[in-house]
Amino acid sequence: MVAGKTSTSRRLARQCGLATIDLDAYIERRERRAINQIFAEQGEQAFRDMETQVLDEFAHKGPMLVSCGGGIVLREENREILKNNGFVVYLQVTAEQAVERVGDVSTRPLFKNLETARQTIAGRLPMYEDVASVSIDTVGKSINVVAQEIQEILEKEGVLCLRQG
Ligand SMILES: Nc1ncnc2c1ncn2[C@@H]1O[C@H](COP(=O)(O)OP(=O)(O)OP(=O)(O)O)[C@@H](O)[C@H]1O
Ligand SMILES: O=C(O)C1=C[C@@H](O)[C@@H](O)[C@H](O)C1
Ligand SMILES: [Mg+2]
């Protein structure tokens, strides 16, 4: 959470002219409700079902940049979709940096405080590492710097080809 998936994807899509979708934003638009409202009205599992469904939908839509919610790795089914269909960029953040960045926590129902952020990161780490094609440390780096770093990796790995000749 708050590693910069949404903002960095937006920046990267703009600078590379890529199609992009943010799964959280897509679910909110489709449901006409905010994520915290979905959690409050139907619970986390209902949100997770929607998340799996939209991940699967966009995994098969052709090349695009997909920014996921932070909890996408929790389900094995999602991890398999990610590994089988995507080049996965894991944006790393520390709990301390996440607390500094987070701002309004009401939009992130699972974000509580420094201690829970530490526990969440530690608990999810093996799952992030399982799906990651590449990991990028975002601490102390601006959104633009992280986006540039990702672009260079995608080009080097042959995932993205922008230059002619
Ligand atoms: N590299 C960065 N440096 C400074 N601030 C950042 C950076 N990346 C993101 N932010 C800020 O942190 C906040 C959260 O970013 P963002 O919504 O992109 O995170 P996220 O990973 O998509 O979170 P979530 O898991 O909740 O979807 C925003 O206010 C954003 O401007
Ligand atoms: O890390 C998480 O579990 C979440 C992150 C957000 O992107 C949202 O998908 C939601 O708030 C859950
Ligand atoms: Mg996001």
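Residues in the stretch 38-80 that are more than 16 Å from ligand 3 (Cβ to nearest atom) and in contact with an Asp or Glu (Cβ under 7 Å, 6 or more places away or on another chain) were compared, and the one that is farthest from A117 (Cα to Cα) is T52. The residues on offer are F47, F87, and the sole one that is aromatic (F, W, Y), touching a residue at least 12 places away in the same chain (Cβ under 8 Å) and either under 28 Å from Q148 (Cα atoms) or surrounded by fewer than 17 Cβ atoms within 10 Å (Cβ to Cβ) (or both) is F87. Here the stretch 18-44 is the region considered, the condition is being free of Cβ contacts under 8 Å to residues at least 40 places away in the same chain and assigned to a loop (DSSP other than H, G, I, E, B), and the residue that is farthest from L65 (Cα to Cα) is G43.
Looking only at the stretch 106-120, decide whether some residue is surrounded by fewer than 17 Cβ atoms within 10 Å (Cβ to Cβ), more than 27 Å from I38 (Cβ to Cβ) and either within 16 Å of ligand 2 (Cβ to nearest atom) or touching a residue at least 60 places away in the same chain (Cβ under 8 Å) (or both). Checking the stretch 106-120: not a single residue is surrounded by fewer than 17 Cβ atoms within 10 Å (Cβ to Cβ), more than 27 Å from I38 (Cβ to Cβ) and either within 16 Å of ligand 2 (Cβ to nearest atom) or touching a residue at least 60 places away in the same chain (Cβ under 8 Å) (or both). Do we find a residue being in a loop (DSSP other than H, G, I, E, B) and among the charged types (D, E, K, R) anywhere in the stretch 45-62? Yes: the stretch 45-62 contains one or more residues that are in a loop (DSSP other than H, G, I, E, B) and among the charged types (D, E, K, R).
Taking (1) over 19 Å from S135 (Cβ atoms); (2) away from ligand 3 (no atom under 15 Å from the Cβ); (3) more than 14 Å from the chain's Cα centre (by Cα) in turn, I35 satisfies each apart from (2). Name every residue in the stretch 41-74 that is in contact with a Cys (Cβ under 9 Å, 6 or more places away or on another chain) and within 21 Å of G123 (Cβ to Cβ), in order of residue number. Of everything in the stretch 41-74, those that are in contact with a Cys (Cβ under 9 Å, 6 or more places away or on another chain) and within 21 Å of G123 (Cβ to Cβ) turn out to be E51, L55. In the stretch 57-72, the residues that are closer than 24 Å to Q92 by Cα form Cβ pairs under 9 Å with partners that are among the basic types (K, R) and in a loop (DSSP other than H, G, I, E, B), at six or more places apart or across chains, as follows: G70/R108.
Read-outs throughout are calculated quantities, based only on the coordinates presented, and are distinct from any laboratory measurement. From a predicted model like this one, the values you see are computed outputs, not experimental measurements. Note that we place each Cβ from the backbone using ideal geometry, even for glycine, and neighbour counts take in every protein chain shown.
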